[in-house]
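Notes follow once the structure below has been shown.
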Amino acid sequence: MAGESPESGKKWDAALYDAKHSFVWERGADLLELLAPQEGERILDLGCGTGHLTAKIAESGAHVVGVDSSPEMIAEAKRNYPELEFIVADAREFRFEKPFDAVFSNAMLHWILEPERVVQSVSEALVSGGRFVAEMGGQGNVERLVSGLRRARTAIGVPVEAEYNPWYFPTIGEYASLLETQGLEVTFALLFERPTPLEDDEAGLRNWIRMFGASFLAGISPDKQEELIFIAEQQLRKELFREGKWHADYRRLRIVARRTD
Ligand code: BEZ
């Protein structure tokens, strides 16, 4: 999932996402070890995007349902894996009649600025003892990228509000407390640096900004957007470009919790 909050109504370019941003699910693949899906389990993949990790979960023999708020992503997921079940739904208010043994989520939760509602929906979707296994941006995620984008906006005369933040990047303590308020007991939590090489060499940063940082371009003419991206590249090159590639300064929060009641 990419760009603005999935609830903002932004349309995703699912083909571009698959073609140039495969690191999103490739890097999420080892999260599946924490999920450890079992044959016959019922598993929800929340924020499934184009369905690649959903398909990996299904290889275990679990029955998996992929959910995403973007109709474009779900259409692409259905094209990729017509044998699997995919549904358009909002992570803040999805409801299923039959509960799940596990809810899995990779690289989606930071897009939603109402995490309380998401966690409540997740908890309600689980059986008693069911597990929640998730990875998202954690506190300090993309700090340098954001700082470069802010400086570039200022340079072209359109600064962002000081407190502006399109994403939710919590600390372990913050997110664990939130889970506990919804009857989810945290059994594992890790915040770690994961500098992530972006695809397409020199074009990597501009691809990332266009796909994921669209809110920093909003309200700016196409010419000025180009200027902003050019300045951001200049500002960030020293910190984030090495060995012929741009590297996003990702910090990941991994969490496993189980429903206790
Ligand atoms: C992330 O996966 O951490 C991320 C992706 C796009 C924008 C912000 C964060």
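Here, each number is a calculation from the coordinates, and none is a lab measurement. If you're wondering where the values come from, they're calculated on a predicted model, not measured in any experiment. For neighbour counting, all protein chains shown are included, and Cβ atoms are generated from backbone atoms with ideal geometry for every residue, glycine included.
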Open item on the list: Using Cα springs under 10 Å in a Gaussian network model of the chain, which residue among Ile209, Ile156, Ile57 shows the largest mean-square fluctuation?
Closed with: Ile156
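Which of rounded, prolate, oblate describes the range 206-261, given a ≥ b ≥ c as roots of the alpha-carbon gyration tensor eigenvalues and a/c under 1.5 marking rounded, otherwise prolate only if a/b is larger than b/c?
Working: a/c = 4.33, a/b = 1.73, b/c = 2.51.
Here the range 206-261 falls in the oblate category.
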TODO: Would you pull out the residues with amide H under 5 Å of Ala102's amide H, same chain only if 5 or more places away, H placed 1.01 Å from N?
DONE: Arg42, Leu44, Arg131
TODO: Within the range 74-135, list the trypsin sites (Lys or Arg not before Pro) lying in a DSSP loop whose Cβ has at most 16 other Cβ atoms in a 10 Å radius.
DONE: Arg95
TODO: Compute the length gained on full extension between Arg79 and Glu239: take 0.36 nm times their separation in residues and subtract their Cα-Cα distance, giving the result in nm to one decimal.
DONE: 53.7 nm
Open item on the list: With the cut-off at 26 Å, tell me which of the pairs Lys20/Lys98; Lys56/Lys98; Lys20/Lys78 have Cα atoms farther apart than that.
Closed with: Lys20/Lys98
TODO: Once you have the Cα-Cα distance between Leu113 and Gln139, take 0.36 nm times their residue separation minus that, and quote the gain in nm to one decimal.
DONE: 8.0 nm
Task: Residues with amide H under 5 Å from that of Ile112, placed H, sequence gap 5 or more - done: Tyr168
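Given a cut-off of under 8 Å on Cα pairs at least six residues apart, what relative contact order in percent is computed for the chain? Could you put the intermediate results ahead of the total?
On the way: 501 pairs, mean separation 58.4, N = 261.
Relative contact order for the chain comes out at 22 percent.
To the nearest 500 deg cm²/dmol, what mean residue ellipticity at 222 nm is calculated for the chain from DSSP H runs of n ≥ 4 alone, each contributing -39,500 (n - 2.57), summed and divided by the residues? Intermediate values should be presented prior to the final figure.
Numbers: 10 runs with 95 residues, N = 261.
It comes out at -10500 deg cm²/dmol, rounded to the nearest 500.
Relative contact order for the range 1-142: what is it in percent, counting Cα pairs under 8 Å that are at least 6 residues apart? Please report the intermediate quantities before stating the final value.
On the way: 254 pairs, mean separation 36.4, N = 142.
Contact order relative to length: 26 percent.
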- [ ] Take the alpha carbon atoms of the range 198-246, find their center, do the same for the range 61-130, and report the distance between the two centers in whole angstrom.
- [x] 30
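Please give the contour-minus-distance gain from Ile220 to Arg42: 0.36 nm per residue of separation, less the Cα-Cα distance, rounded to one decimal in nm. Intermediate results must be reported in sequence, preceding the final value.
Working: separation 178, 0.36 × 178 = 64.08 nm, distance 4.50 nm.
Value of the extension gain: 59.6 nm.
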- [ ] Specify whether the C-alpha gyration tensor of the range 76-130 places it in the rounded, prolate or oblate class, a ≥ b ≥ c being the square roots of the eigenvalues: rounded for a/c under 1.5, otherwise prolate if a/b is larger than b/c and oblate if not.
- [x] oblate
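Counting other Cβ atoms within 10 Å of each Cβ, which GluC sites (Glu not before Pro) in the range 90-142 have at most 16 and sit in a DSSP loop? Provide the component values of the computation, followed by the final result.
Working: sites: Glu93, Glu97, Glu116, Glu124, Glu135; in loops: Glu93, Glu97.
Counting only loop positions with at most 16 other Cβ atoms within 10 Å, the GluC sites (Glu not before Pro) in the range 90-142 are Glu93, Glu97.
Take the Cβ-Cβ distance between Ile156 and Ala203 as r, set R0 to 22 Å, and report the resulting FRET efficiency rounded to the nearest 0.05.
On the way: r = 20 Å, r/R0 = 0.93.
The value I calculate is 0.60.
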